[in-house]
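What follows draws every value from the coordinates through simple rules; no lab data is involved. Here the structure is a predicted model, which means the values were calculated and not measured. When we count neighbours, we look across all protein chains shown, and the Cβ atoms used for this are built from the backbone with ideal geometry, even at glycine.
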Amino acid sequence: MRHHLILRIVAKLLIPPILLFALYVQFHGDFGPGGGFQAGVIFGAGFILYALIFGVETAKKVAQPEIVRVMVAVGVLLYGAVGLVSLLLGGSYLDYSVLAHDPVRGQHLGIFIIELGVGITVAAVMITIFFTFASRGRS
Amino acid sequence: MISQHLPALQVVIPLLTAPVCLLFNNARVAWILSLVASSVALVIAALLLQQVLTVGILTYEIGGWAAPWGIEYRIDPVNAFVLLIVAAIGTVVMSFAPRSVASEIPEQQIALFYAAYLLCLAGLLGIAATGDAFNLFVFLEISSLSSYVLISLGRDRRALTAAFQYLIMGTIGATFILIGVGLLYMMTGTLNMADLAKRLPLVADTRTVAAALAFLTVGISLKLALFPLHLWLPNAYAFAPSVVTAFIAATGTKVAVYMLLRFLFTVFGATLSFEAVLLPTILLPLSLVAVFSASIVAIFQDNIKRMLAYSSVAQIGYMILGLSFVSVTGLTACILHLFNHALMKGGLFLALGCVVYQLGSADISKFAGLGRRMPWTFAAIVVGGLSLIGVPLTVGFISKWYLVLAALESGQWWVAVLVLIGSLLAVVYMWRIVEVAFFQPAPRQGSQRREAPLSLLLPTWVLIGANIFFGINTDLTVGVAQRAAVWLLGGAS
């Protein structure tokens with residue numbers, strides 16, 4: 001891809017807005033359309049675009065497979081931990097209302113953290129799947 | 001305080017242990033975590049069953065949202081029993097796992113293997129625990145996706161095609177189930193099973209509900225490998241790693257049979273499922289054809305894992321046969337055989353795991369003379385085989401007994417005769433192993449073959465011993481199965 005000047009420049013221009021948009025979809029998800037899954041896919045797509053243009057090996061330096069693998073687990077654990085915390089605070093599993101003094105704030109906080117967990121796992125899984133397929137037969 | 005959360009913890013503990021295995025990424029730690037999570041699940045399942053039998057139905061509202069709006073977990077005698085089966089098999093298989101897994105799966109994949117196993121366990125437990133039709137589909141996907149991964153880890157490269165075949169068939173099945181659930185939602189506006197059961201009779205005469213019943217029955221039949229939708233099963237079982245075969249054979253299809261019971265009897269209700277539609281006239285012949293065709297094919301298999309896989313198809317036929325009588329005795333036979341078959345096949349596949357550990361193959365040509373070299377392993381296979389045939393004092397006899405009773409009760413004595421003939425076919429294919437292993441001389445060069453290590457034999461004999469224990473002491477199994485059957489039929493009327 002060294003000679004595709006246009007592709008490289010456009011990708012460099014596009015990747016930051018893509019990642020920013022992913023964060024917007026993530027954190028604005030409780031007010032507008034969006035949420036963790038969509039945000040995770042968009043965020044992962046940013047990395048995949050980078051890997052397509054600049055090569056998988058370069059992309060692996062940015063998103064190291066070992067770290068991505070940890071992120072896969074961390075997202076799910078974040079989700080599950082919210083459930084366990086609400087259970088310890090006396091609610092039922094995933095009952096966000098007990099997370100704060102005010103049930104409405106609790107609901108807000110709970111869905112916020114859970115969607116973050118979903119976003120992290122989905123982005124990490126997207127990147128892992130792409131890396132796995134793209135590096136087939138090379139190592 | 002903790003006891004009220006048991007229905008959720010039953011599923012959540014294995015589900016959250018899986019990512020922890022991924023984090024540690026160490027074979028030994030992952031195994032210990034899996035064993036602990038499975039044992040905890042077993043304890044929880046036992047406590048739940050005990051609570052259900054004393055107190056009655058337990059419900060749990062996930063997130064504190066009241067049913068029918070929120071997702072509700074609902075534990076009754078039927079699924080408490082299924083939870084116990086799945087968790088018990090999971091625990092025994094995990095205690096068997098470390099040596100067998102180390103010999104069959106590459107070192108760097110072992111931690112991932114345990115993570116996938118835990119997800120599969122969580123999915124199967126979730127299917128059983130939930131009272132929400134869509135939540136059931138989600139857990140079905142969790143268990144299916146992880147079982148495709150587990151099967152593809154087999155040493156033989158054909159495991160990949162077997163897993164892919166299962167993936168295609170399983171996805172079609174899951175899609176059918178989703179369409180069925182979607183149609184039900186369209187007609188009633190609810191996904192909660194108890195609520196569906198209340199609302200469905202009002203719209204029972206519509207074609208949409210009939211289509212939903214058809215989609216769900218076909219989709220679940222694919223997952224439980226009812227003849228003629230069983231073609232994915234033999235290869236999947238034959239080429240998967242030994243531990244995976246034992247686990248999935250003993251739990252996967254059982255949970256699918258439970259799904260069928262749940263939808264036909266609880267959601268649709270026996271009247272709607274069986275009187276309005278011609279389901280018994282479809283299921284009864286199909287199950288009998290399954291028994292005969294699969295048993296006959298099993299006789300001609302050279303790979304013993306494949307042979308037992310075909311035998312599983314036949315045994316599933318017996319379960320569906322019991323179901324298709326729509327009587328308390330028939331359902332008792334179905335639920336009993338669900339439990340008993342898990343014990344037999346779990347035990348037999350673990351014994352085969354011992355053979356594969358020592359020989360590296362499950363081909364019958366390698367079995368010559370092994371009966372004397374590996375006496376304990378082959379004694380286990382013989383006892384398991386006797387149970388499969390249905391010899392008195394084993395669990396197989398108990399389930400066949402109730403099946404024959406149910407057939408006679410419904411006045412179809414010829415079905416009872418066919419069940420007995422089907423058992424004779426099991427004698428034929430099990431005898432082949434006995435003949436080769438005990439009556440043929442061992443080849444000279446294979447003389448260094450020894451008995452399998454104790455850490456593999458012990459879990460095998462726990463399951464094989466359970467075959468005899470529950471064959472003599474039938475109070476628990478028959479009692480629970482009967483209560484579950486009465487509950488399923490009573491819940492319908």
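Values computed for the structure shown
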item: Nearest-ten-degree value, helix A:103-134 long axis tilted from longest Cα axis of chain A; result: 30
item: Three principal axis lengths of region A:5-134 [C-alpha, angstrom, descending]; result: 57, 29, 17
item: Projected area, mean over directions - the protein assembly as shown, Cα convex hull, nm²; result: 29.9
item: Scattering curve values for region B:46-101, log₁₀ I(q)/I(0), Debye with Cα scatterers, q = 0.21, 0.22 Å⁻¹; result: -0.80, -0.83
item: Principal-axis tilt of helix A:65-88 within chain A, Cα atoms, nearest 10 degrees; result: 10
item: Ranked A:Tyr79, B:Tyr114, B:Tyr258, criterion: other C-beta atoms within 10 Å, fewest first; result: A:Tyr79, B:Tyr258, B:Tyr114
item: Volume per residue of the C-alpha convex hull in chain B, rounded to whole Å³; result: 126
item: Cross-link partners of B:Lys198 among aspartates and glutamates (Cα-Cα below 16 Å; sequence separation of 8 or more within a chain); result: B:Glu72, B:Asp132
item: Computed P(r) (all Cα pairs; region B:350-493; 10 Å bins; percent); result: 11, 31, 29, 18, 9, 2, 0
item: Reach of B:Lys400 by Cα under 29 Å, taken over lysines that are not fewer than 8 positions away in the same chain; result: B:Lys223, B:Lys254, B:Lys305, B:Lys345
item: Number of partner chain Cβ atoms within 10 Å, mean per residue of A:72-80; result: 5
item: Alpha-carbon centroid distance for the pair region B:196-270 / region B:289-360, whole angstrom; result: 17
item: Average beta carbon contacts from partner chains per residue of B:24-30, 10 Å cutoff; result: 1
item: Degrees separating the helix A:5-27 axis from the principal Cα axis of chain A, which is the longest one; result: 0
item: Other protein chain Cβ atoms within 10 Å, averaged over every residue that makes up B:11-17; result: 3
item: Burial ordering of B:Trp69, B:Trp487, B:Trp232, fewest other beta-carbon atoms within 10 Å first; result: B:Trp69, B:Trp487, B:Trp232
item: Cut-off 14 Å between beta-carbons: net charge of the residues surrounding B:Phe215, Lys and Arg +1, Asp and Glu -1; result: +2
item: Semi-axes of the equivalent ellipsoid for region B:107-259, Cα gyration tensor, largest first, Å; result: 31, 16, 11
item: Along principal axes, Cα extents of region B:363-403, largest first, whole Å; result: 37, 18, 9
